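Student: Supplied in structure tokens, the structure appears directly below.
The values are calculated or read from the model by the stated rules, or taken from the named source; none is laboratory data. For clarity, every value in this text was computed on a predicted model and none was experimentally measured. Here the Cβ positions follow ideal geometry from the backbone for every residue, glycine too, while neighbour counts run over all protein chains shown. Only protein heavy atoms, including side chains, enter the accessible area calculation; ligands, DNA and RNA are left aside. Shrake-Rupley method; radii C 1.70, N 1.55, O 1.52, S 1.80 Å.
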Amino acid sequence: MLNLLGKIYGVGSDLRNKFYDRGIFKTHSLGAKTISIGNITTGGTGKTPLVAYVAEILADAGEKVCILTRGYGRASSGQVLVSDGEQVLVDANTGGDEPVELARNLIGKAIVVADADRVAAAAWAKEKFGVTAFVLDDGFQHRRARRDLDIVCIDATNPFGGGRVLPAGSLREHLESLSRAHAIVLTRCELTDDLREVTSKIKTLNAETEVFRSSSVTYRLAELAKFLGVEKDDEPPLSQQSSALVFCGLGNPDTFYRSARRAGYNLAATETFRDHYFYTQADIDTLHRTARAQKIEMLLTTAKDAVKLSGLNFSIPCFVMEIQIEIDEADAFRRLVISS
């Protein structure tokens, strides 16, 4: 049954793309430089750090940058100004966890707007803020918005989603759609030993595209209260070898656990929640009981999860492992972004 549904979904996706390719479905200019960051599979591919990376490149080049995002998982509807570029204006429940995470990381660098209608949001943001460059978060399938540069993230640890489209596999559209990509960024390359096969497959699908390799690196470990901006006296940091209960709600949680181990943290236990999960005090209390029962000294989570922990009480130290992307050929990638 799933294979049949996958075939039906794939046919629908192919038809939609053909209608856009032939001009039957119209695309709309956003009136400024537009760069899309997206993927071809569901689940976490390391896209959010790349969105922040591209936004910083544009901001440092003098552009007035706005990130346009759907804000998946938020409780609100319609258009939400998550950040005006100077401060974060809403919480994760209203703006979405990934938009709020981006907004926190890009204070002074980028405006963030959540809206399913990227074209309408772009027109509003351009008029209100004088935006000169848009970054489409999760924009590869959002073809209604015309773009100058289409970048696709591919997770090097699971690049092609089993080769099947939803719901039989995790592909959002057939692999042949990679022919639209101007550039591909392989993410999490530090977690795999051999990239030759995936690179060769990409080149058979799109010989002209540029392929960049990237790694996810931990650049800061922050105590949760400090991460959230809550006033608190300094506490002595726990040792990296302190036992940790690591928890997250991500599309691809295993890569976070692997990254934490690779960074040297002692993972005594893990707890996985569904992607975009919003935590309750009961969840935190359960984590505390698990930690105490196993004599675990600290909790460890991601920035995407941490933005949803405000107002919850912790009796065991909780730390946030903040990750950023590093691209091997950074200068070439920067030139590509700026010249698009």
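Student: Looking at (1) crowded, with 18+ Cβ neighbours inside 10 Å; (2) among the aliphatic types (A, V, I, L, M); (3) at pLDDT below 95, which is the only condition LEU195 fails?
Tutor: LEU195 satisfies all of (1) crowded, with 18+ Cβ neighbours inside 10 Å; (2) among the aliphatic types (A, V, I, L, M); (3) at pLDDT below 95 except (1).
Student: For LYS26, are the conditions met, namely being charged (D, E, K, R), more than 22 Å from the chain's Cα centre (by Cα) and more than 19 Å from ARG172 (Cα to Cα)?
Tutor: So LYS26 passes the test.
Residues checked against (1) surrounded by fewer than 24 Cβ atoms within 10 Å (Cβ to Cβ); (2) closer than 28 Å to GLU173 by Cα; (3) not aromatic (Phe, Trp, Tyr):
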| position | (1), (2), (3) |
| --- | --- |
| GLU63 | yes, no, yes |
| LEU81 | yes, no, yes |
| GLU98 | no, yes, yes |
| ARG104 | yes, no, yes |
| ALA110 | no, no, yes |
| ASP117 | yes, yes, yes |
| ALA125 | no, no, yes |
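Student: Also, quick follow-up: Here's a check for you: in region 68-79, which residue that is small (Gly, Ala, Ser) and within 13 Å of ASP117 (Cα to Cα) is surrounded by the most Cβ atoms within 10 Å (Cβ to Cβ)? Can you show your working first?
Tutor: Taking region 68-79 and keeping what is small (Gly, Ala, Ser), we get 71, 73, 75-78.
With within 13 Å of ASP117 (Cα to Cα) added as a condition, the list becomes 71, 77-78.
Values: GLY71: 27, SER77: 10, GLY78: 10.
Filtering first and then ranking leaves GLY71.
Student: A follow-up question, please. Mind counting the residues in region 108-142 that are over 20 Å from SER339 (Cα atoms), touching a strand residue (DSSP E or B) at 6+ places or on another chain (Cβ under 9 Å) and either charged (D, E, K, R) or free of Cβ contacts under 8 Å to residues at least 24 places away in the same chain (or both)?
Tutor: Residues that pass the stated criteria total 5.
Student: Does ALA332 count as loosely packed, with under 14 Cβ neighbours inside 10 Å, hydrophobic (A, V, I, L, M, F, W, C) and closer than 22 Å to ILE57 by Cβ? Before you say what the answer is, go through the steps one by one.
Tutor: Working: loosely packed, with under 14 Cβ neighbours inside 10 Å: yes; hydrophobic (A, V, I, L, M, F, W, C): yes; closer than 22 Å to ILE57 by Cβ: yes.
So ALA332 fits the description; yes.
Student: Can you give me the number of residues within region 301-329 that are more than 14 Å from VAL246 (Cα to Cα), in contact with a Pro (Cβ under 9 Å, 6 or more places away or on another chain) and open to solvent by less than 30 Å² (accessible area, probe 1.4 Å)?
Tutor: 1
Student: If you don't mind, there's one more thing I want to ask. Within region 140-154, can you find the residues that are assigned to a loop (DSSP other than H, G, I, E, B) and surrounded by fewer than 24 Cβ atoms within 10 Å (Cβ to Cβ)?
Tutor: First pass over region 140-154, keeping only residues assigned to a loop (DSSP other than H, G, I, E, B): 140-144, 146-148.
PHE140, GLN141, HIS142, ARG143, ARG144, ARG146, ASP148, listed by residue number.
Student: Test ILE24 against the stated conditions and say whether it is out of contact with any Pro (no Cβ under 7 Å at 6 or more places or on another chain) and under 27 Å from GLY249 (Cα atoms).
Tutor: Numbers: out of contact with any Pro (no Cβ under 7 Å at 6 or more places or on another chain): yes; under 27 Å from GLY249 (Cα atoms): no.
For ILE24, the condition - out of contact with any Pro (no Cβ under 7 Å at 6 or more places or on another chain) and under 27 Å from GLY249 (Cα atoms) - is not met.
Student: Are any residues in region 247-300 surrounded by fewer than 16 Cβ atoms within 10 Å (Cβ to Cβ), without any contact (Cβ under 8 Å) to a residue 40 or more places away in the chain and within 18 Å of LEU221 (Cβ to Cβ), and if so, which ones?
Tutor: ARG261, GLY264, LEU267
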